[in-house]
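What follows is a single structure, written as structure tokens, with notes after it.
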Amino acid sequence: MSQETQWHAFQEIEEELFLIEELLHRLLEKRVKEAGPFDVLAYLNR
């Protein structure tokens, strides 16, 4: 695999990881909004 091909593959993976990270943030925000404040505190203090 040429260095240019490797770089392109790396960039694609980096973009996918960014999208996954964004999705995880949104899912976490949704769960926090659905949970009550005591649920969040219990989770943080586990």
Just checking my list (i) 18.1, 54; (ii) 12.0, 35; (iii) 17.7, 53 against Rg and Dmax of the Cα atoms in Å computed from this structure; which label fits?
(iii)
Add -39500 (n - 2.57) for each DSSP H run of 4 or more in the chain, then divide by its residues: what number comes out at 222 nm, to the nearest 500 deg cm²/dmol?
-30000 deg cm²/dmol
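None of the figures in this text is laboratory data; all of them are computed from the coordinates on show. Computed from a predicted structure; not experimentally measured.
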